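Data block below; observations after.
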Amino acid sequence: RLYITSVGNVGIGTTSPLAKLHVSSTGNNDTILEYTNSTVGFNSGVVPLRLFLTVGNGAAVGAGVGLDLVTKSNGAEYIGGRIQTNRTNTSNNHALTFWAGGGTTALTEYMRIASNGNVGIGTASPSELLTVYGDNKYLYLQAQNNTGAAGIKFGNTAARQQMYIEATSSDLVIDSIS
């Protein structure tokens, strides 16, 4: 059922909508939002569900639209993650960012795809196709199957920078000591 309050909030499945559009369901596996394109002959390409932020006087740098991933328990809401895009400069370039954490703490941006296609993990300014930044952490690229694993590990600690080429039976370590 559809319900519209005196202030214009729309409820589907609820008579007390708390937002402009509030959808409520009691089933665990109910689809909350579905977009179906039933155009005859449509068989290729993608028709996306679109979220818009529209402003009459132009969007400022930093303005954008996002999707928060929220759980609710005993009336309290906990944002567990966010995917958002926002305008990064006056040339209308946009970045796509991925945030995690939340719950009782603030969300942290962990990954960004810049408007030029560069991907940053641990940085909001990726300077290369893939830029990974983290204090005292390793970057590990690994291939694994049932008989073993092989990989390349890059590390940077306070005392040394290291690169390991690992295999199941032996490793090659290239090390620098400062």
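The values are calculated or read from the model by the stated rules, or taken from the named source; none is laboratory data. This is a predicted model, so every value here is computed, not measured. Glycine also receives a Cβ, built like all others from the backbone with ideal geometry; neighbour counts cover every protein chain displayed. Ligands, DNA and RNA are stripped out before the accessible areas are found, and what is left, the full protein with its side chains, is counted by its heavy atoms. Shrake-Rupley method; radii C 1.70, N 1.55, O 1.52, S 1.80 Å.
Structure values in brief
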| quantity | calculated |
| --- | --- |
| Scope region 98-131; condition open to solvent by 50 Å² or more (accessible area, probe 1.4 Å), of a type in the set (A, V, I, L, M) and within 26 Å of Tyr78 (Cβ to Cβ); matching residues | Ala106, Met111, Ile113, Ile121, Ala124 |
| Residue list for region 85-122, restricted to those being among the basic types (Lys, Arg) and over 26 Å from Asp135 (Cα atoms) | Arg87 |
| Subset of region 132-157 that is part of a loop (DSSP other than H, G, I, E, B) and either of a type in the set (Asp, Glu) or open to solvent by 100 Å² or more (accessible area, probe 1.4 Å) (or both) - its residue that is modelled with the highest pLDDT | Tyr133 |
| Selection within region 74-122 - of a type in the set (Ser, Thr, Tyr) and farther than 19 Å from Gly64 by Cα | Tyr78, Thr104, Thr105 |
| Residue satisfying condition, being more than 30 Å from Arg87 (Cβ to Cβ) and of a type outside the set (Phe, Trp, Tyr), within set Ala114, Ala124, Ala106, Ala143 | Ala143 |
| Boolean, Glu34 is at pLDDT 75 or above, open to solvent by 100 Å² or more (accessible area, probe 1.4 Å) and over 27 Å from Gly134 (Cα atoms) | no |
| Filtered residue count, region 57-97, keeping only those that are β-branched (Val, Ile, Thr) and out of contact with any Phe, Trp or Tyr (no Cβ under 9 Å at 6 or more places or on another chain) | 4 |
| Arg1 being closer than 30 Å to Gly134 by Cβ, touching a Ser or Thr at 6+ places or on another chain (Cβ under 9 Å), among the basic types (Lys, Arg) and modelled with pLDDT of 80 or more | no |
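Conditions tested, residue by residue: (1) at pLDDT below 70; (2) open to solvent by 50 Å² or more (accessible area, probe 1.4 Å); (3) among the acidic types (Asp, Glu); (4) in contact with a Leu (Cβ under 6 Å, 6 or more places away or on another chain).
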| site | (1), (2), (3), (4) |
| --- | --- |
| Leu18 | no, yes, no, no |
| Gly45 | yes, yes, no, no |
| Val55 | yes, yes, no, no |
| Gly64 | no, no, no, no |
| Leu69 | no, yes, no, no |
| Gly81 | no, no, no, yes |
